[in-house]
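Take a look at the structure set out below.
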Amino acid sequence: MSAAMRSRTPDRLCAEAVELAREAAAEAARPGTVGEHVGAIAEGDRVVTHFFESAEPGYRGWRWAVTVTRASRAKIVTLAETVLLPGPDALLAPEWVPWSERLRPGDMGPGDLLPTEAEDLRLEPGFTGEDAPPPNSVVSEEMEQLAAVEEADVTAGPPSGQPAAPGTIAALAEELGMRRARVLSRYGLHIAADRWDEAYGAKTSMAQAAPGTCVTCGFLMPIAGSLKQAFGVCANEFSPADGRVVSLAYGCGAHSEAAVMPKPPRPAEPVIDETLVEPMPLHPDRTGGSVEPDAPAEELGHS
């Protein structure tokens, strides 16, 4: 018979050692916090764990687990371990999440530092000047000519730290903002564009109700780089996106070309004709009605 088959049935002597297990749990717990015995399971050959209810504050649903055992052919049961374990309905703390995954936009404050991983997919190495252009390229010939004419002195340090000579690749990279240790990768550009479009894009409720899009708004400030074809910066203080990067398809009610609401019409001034005088009798004529004044009263009923 295998050990797995033998361990299904708890050892009789170990299963009967409830009081021994209770005394061990009471010694480890605070006084009066060990409750009723709720069961026992076999952990292996002559190894049984007893469970007791716990009344520890803040540990709802937890149980004291006391493991007892005995040697082969021995009649004395000994204590192996006592520990407080969560039960099926125990109140547990949420699963631990690394700080890098807990961080949310807006969590950074003054003095906080957010280190960027060396293998961050949002970044890629910038131009350092280490890679020289091919020997037959026009740029390489220009660089040789400049070096021969200027007879520039060689300065110690990495190429990225050297001043860029006019007309070189380093000068062009510096002008484009690429002469940095790391720059945004294509993946970094894509996730930034998705994030901006989700917050201030064409699918937002504000854009759906807007009279026009940002691409036609005078308050839109263009940006540089490859994203300038799809995004800009709002400069309208009354817009909900003031100072934000917005999609060119976004829009709001503060559009510079929004239609001006017409003013409600005012009623015309009353006209009084003072050239004609119409006499008005103070006492109405009794004979001018449809009923004769001397006619007998009749039952007319209700109208």
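The values are calculated or read from the model by the stated rules, or taken from the named source; none is laboratory data. As the structure is a computational prediction, the values presented were derived from the model and not from experiment. FYI the Cβ positions are ideal-geometry reconstructions off the backbone, even for glycines, and counts take in every protein chain you see. Surface areas here come from the heavy atoms of the whole protein model, side chains and all, with no ligands, DNA or RNA. Shrake-Rupley method; radii C 1.70, N 1.55, O 1.52, S 1.80 Å.
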Practice item. Restricting attention to the range 186-210, report how many residues are outside any helix (DSSP H, G or I) and either surrounded by 15 or more Cβ atoms within 10 Å (Cβ to Cβ) or charged (D, E, K, R) (or both). Key: 6
Point to revise | Those residues of the range 223-243 which are modelled with pLDDT under 95 and not in a loop (DSSP other than H, G, I, E, B), in sequence order | key: SER226, LEU227, LYS228, GLN229
Check your understanding: Quick one: would you say VAL246 is under 20 Å from GLU198 (Cβ atoms), at pLDDT 90 or above and in contact with a Cys (Cβ under 7 Å, 6 or more places away or on another chain)?
Key -> yes
Review point. Can you find a residue in the range 181-199 that is modelled with pLDDT of 90 or more and more than 24 Å from PRO105 (Cα to Cα)?
Key: no
**Study point:** Residue within the range 49-71 that is exposed (fewer than 13 other Cβ atoms within 10 Å of the Cβ), in a strand (DSSP E or B) and modelled with pLDDT of 90 or more present
**Key:** no
Practice item. May I ask you to list the residues in the range 236-266 that are open to solvent by 50 Å² or more (accessible area, probe 1.4 Å), over 15 Å from PRO211 (Cβ atoms) and over 22 Å from the mean Cα position of the chain (by Cα)? Key: GLU237, LYS263, PRO264, PRO265, ARG266
**Study point:** Any hit, the range 256-276, residues being touching a strand residue (DSSP E or B) at 6+ places or on another chain (Cβ under 7 Å) and either under 30 Å from TYR200 (Cα atoms) or at pLDDT below 90 (or both)
**Key:** no
**Study point:** Residue in the range 211-222 that is in the same structural domain as ALA193 (by the TED database), touching a Phe, Trp or Tyr at 6+ places or on another chain (Cβ under 6 Å) and either part of a loop (DSSP other than H, G, I, E, B) or at pLDDT 80 or above (or both) present
**Key:** yes
Check your understanding: For the range 19-41, does any single residue satisfy the condition of being surrounded by 12 or more Cβ atoms within 10 Å (Cβ to Cβ), out of contact with any helix residue (DSSP H, G or I) (no Cβ under 6 Å at 6 or more places or on another chain) and either modelled with pLDDT under 90 or on the phi > 0 side of the Ramachandran plot (or both)?
Key -> no
Check your understanding: Just one of the numbered conditions (1) over 26 Å from ARG186 (Cβ atoms); (2) out of contact with any helix residue (DSSP H, G or I) (no Cβ under 7 Å at 6 or more places or on another chain); (3) assigned by the TED database to the domain that holds HIS190 is not true of SER256; which one?
Key -> (3)
Check your understanding: For the range 100-126, what are the residues that are assigned to a loop (DSSP other than H, G, I, E, B) and either open to solvent by 100 Å² or more (accessible area, probe 1.4 Å) or among the charged types (D, E, K, R) (or both)?
Key -> ARG104, PRO105, ASP107, PRO110, ASP112, LEU113, GLU117, GLU119, ASP120, LEU121, ARG122
